[in-house]
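Down below is the structure, laid out as structure tokens.
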Amino acid sequence: MAMASPANKKKPRSNQTPESQFSYNLNLYSKSKDLHSALSLYDTAISQNTRLNQHNFNTLLYLCSISLNDPSTKDLSLQYGFRVFDHLVSNGIKPNEASITAVARLAAAKGDGDYAFDLVKNIGVYNELPRLRTYDPALFCYCENLEGDKAYEVEEHIGRMGVGLEEVEIAALLKVSVETRREERVYGYLQKLRKMVRCVREETAKVIEHWFEVFEGNGVELDVGLVREAVSRNGGGWHGLGWIGKEKWVVGRGSVNAGGKCCCCGEQLVSVDIDDDETERFAESVAGLAMEREVKANFSEFQNWLEKHANYEAIMDGANIGLYQQNFAEGRVSISQLDAVIKDLYNQSGKKRPLIILHNKRLRALLQNPSTRELIQEWIEKDVLYTTPHGSNDDWYWLYAAVKLRCLLVTNDEMRDHIFELLGSDFFVKWKERHQVRYTFVKGNLELQMPPLFSIGIQESENGSWHVPVAGDDNDSPQSWLCISRPRSCDALKEAACMEKSKDSNDCCCNSKLPTFGRPESLESSKHKLHIRDSFQESDGKIIALTGKRKERSSSPS
């Protein structure tokens, strides 16, 4: 059988200069990660006075840095790595961020975190900006050597440079804080992890487990009112007040059922919202962008109208719902679909009507139709409908209303268009998960898909317990949950809840389910019900989570 001719294989041209020949061979050795051949090539180039460029030096430094984990090449990597860097500088070539990162890795491998950190701190001399990877060698070196204060200094420098930490860096800082018994630091890094990831890696979970297994420090006394107020203000799922309780922690691993109940301790996990400050900034951001792109007077008029009509529990994206599956000419709005959503929300919300946002060009067509005119006029009279003016983008209106009123938003719009990209908020995804209600019409029958019953993420409860999801194959889905609690603190909160309920109803509830407080904890998706109060209620023999707008909730018991 004939073999393919090697003549087709790319070869270097015979008229190449020594520099181009060196670069060609070095790139081949870099691709194959052949350190020995690359260093032999380097020695030959030096003996022949071959001129090297920045890319050549960086390639050699890269090969040295990636060979540090192999015991057979570590010493050689260190010996040549610093030599190559000195050669680069002595040739008057400016190191870039890649050069600095590689040498910082070499320094850290020698255990010299100070040298690695100095490289980063002085990177501005070369008009370069550090990246997270540039800091990692010094940070991890300090953490491994249990030099906590130096590690914290690196973290502060990272923050000043506007570089964001990721889970692996937070986990390293958490670990050094655990090993050196820095209680406040551990608490702070747990909160940073909570904001950063949905599920922690197994390595991070083990660090957290170890802390709670050995931690014997006392927390603050449980102040039910103060804690509930903080949980409500923060959007649910955490209070941030520090360790609560004085009993030994009970640490276990288990699962959380579909309703959000921990199978280890029986605690109900919650649906986490963005906090009050984020909500206000979000609303202001939407309004500011709308003012720039809409007729300012029109949007201001809407804002004023909304201030006077602020009792809505849900906002409806009228065009999105009305045009759903409407494929006939000109895409006429289906008033029956809008009416079905209105009635469902009305019946399930304690007789509170939602607000439809609809462009006036859609309204004109509906008013011209005798079969729909009467219903439209009824909606207008009952303040169920707000029409946006000619030339406006109704997306700004329904988004602003849902954010400002802290209520549900019924739409299948994925909110990925350019107007939503302008917001650029880290909390936008969290807000959508908590507030967006999707829908379908199956053979004309409405089905509403409510937000999740609980949020997947680290949760710190009112009684001071913690629940930490550990990532499975899908990093956003938990394989298991860490359940960390102080039983007496849980009992104290339950007793306080029982006493509070007894005042209102004179009915003992000590054997009932521990209630949740603060922000709305969850929304029932089965049967597609909308809920409006902030406790648990029996309905048809099932526990249903009820929710409402934040401003109607009491901040703390008197």
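The values are calculated or read from the model by the stated rules, or taken from the named source; none is laboratory data. Being a predicted model, the structure only gives us computed values, none of them experimental. Positions of Cβ are backbone-derived with ideal geometry, glycine not excepted, and every protein chain shown enters the neighbour counts. For the accessible areas, the whole protein counts, side chains as well, though only heavy atoms, and no ligand, DNA or RNA atoms are used. Shrake-Rupley method; radii C 1.70, N 1.55, O 1.52, S 1.80 Å.
The set of residues in the stretch 394-428 that are open to solvent by 50 Å² or more (accessible area, probe 1.4 Å), at pLDDT 85 or above and over 14 Å from Ala283 (Cα atoms) contains only Glu414. Within the bounds of the stretch 305-316, is there any residue that is small (Gly, Ala, Ser), modelled with pLDDT of 95 or more, under 17 Å from Arg406 (Cβ atoms) and out of contact with any His (no Cβ under 9 Å at 6 or more places or on another chain)? So far as the stretch 305-316 goes, yes, one or more of its residues are small (Gly, Ala, Ser), modelled with pLDDT of 95 or more, under 17 Å from Arg406 (Cβ atoms) and out of contact with any His (no Cβ under 9 Å at 6 or more places or on another chain).
Table: residues versus (1) closer than 15 Å to Asp114 by Cα; (2) touching a residue at least 60 places away in the same chain (Cβ under 8 Å); (3) open to solvent by 30 Å² or more (accessible area, probe 1.4 Å).
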{"position": "Pro130", "(1), (2), (3)": "no, no, no"}
{"position": "Leu139", "(1), (2), (3)": "yes, no, no"}
{"position": "Tyr142", "(1), (2), (3)": "yes, no, no"}
{"position": "Ala151", "(1), (2), (3)": "yes, no, no"}
{"position": "His157", "(1), (2), (3)": "yes, no, no"}
{"position": "Glu167", "(1), (2), (3)": "no, no, no"}
{"position": "Ala172", "(1), (2), (3)": "no, no, no"}
{"position": "Thr180", "(1), (2), (3)": "no, no, yes"}
{"position": "Glu183", "(1), (2), (3)": "no, yes, yes"}
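Counting only helices (runs of 4 or more DSSP H) wholly contained in the stretch 267-383, the ones carrying 1 or more residues that are over 25 Å from Gly444 (Cβ atoms) occupy 276-293, 296-308, 360-368, 370-381.
Can you tell me which residue in the stretch 192-211 is surrounded by the fewest Cβ atoms within 10 Å (Cβ to Cβ), limited to those that are assigned to a helix (DSSP H, G or I) and in contact (Cβ under 8 Å) with a residue 60 or more places away in the chain? Residue satisfying both the conditions and the ranking: Glu202. Look at (1) open to solvent by 20 Å² or more (accessible area, probe 1.4 Å); (2) without any contact (Cβ under 8 Å) to a residue 40 or more places away in the chain; (3) out of contact with any helix residue (DSSP H, G or I) (no Cβ under 6 Å at 6 or more places or on another chain) and you find that Leu323 fails only one, number (3). Among the residues of the stretch 429-440, those that are modelled with pLDDT of 90 or more and of a type in the set (Val, Ile, Thr) comprise Val437, Thr440. Scanning the stretch 91-107 turns up no residue that is more than 35 Å from the chain's Cα centre (by Cα), without any contact (Cβ under 8 Å) to a residue 12 or more places away in the chain and at negative phi. In the stretch 432-462, what residues are among the β-branched types (Val, Ile, Thr) and open to solvent by less than 40 Å² (accessible area, probe 1.4 Å)? Once the filter is applied, which keeps residues that are among the β-branched types (Val, Ile, Thr) and open to solvent by less than 40 Å² (accessible area, probe 1.4 Å), the stretch 432-462 yields Val437, Ile458.
Once the stretch 65-95 is narrowed to residues that are open to solvent by 90 Å² or more (accessible area, probe 1.4 Å) and part of a loop (DSSP other than H, G, I, E, B), the residue that is nearest to His36 (Cα to Cα) is Asn69. The set of residues in the stretch 255-314 that are open to solvent by less than 60 Å² (accessible area, probe 1.4 Å), free of Cβ contacts under 8 Å to residues at least 40 places away in the same chain and among the aliphatic types (A, V, I, L, M) contains only Met291.
For the stretch 366-380, filtered to residues that are open to solvent by 60 Å² or more (accessible area, probe 1.4 Å) and not polar (S, T, N, Q), the residue that is farthest from Leu345 (Cα to Cα) is Pro370. With the condition kept exactly as written, say whether any residue in the stretch 138-153 is over 17 Å from Leu174 (Cα atoms) and part of a helix (DSSP H, G or I). Scanning the stretch 138-153, I find no residue that is over 17 Å from Leu174 (Cα atoms) and part of a helix (DSSP H, G or I), so the answer is no. Residue pairs whose Cβ atoms lie under 6 Å apart, sitting 6 or more positions apart in sequence or on different chains, and linking a residue in the stretch 28-43 that is under 15 Å from Ser72 (Cα atoms) and in contact (Cβ under 8 Å) with a residue 12 or more places away in the chain to a partner that is among the aliphatic types (A, V, I, L, M) and open to solvent by less than 80 Å² (accessible area, probe 1.4 Å), are Leu35/Leu63.
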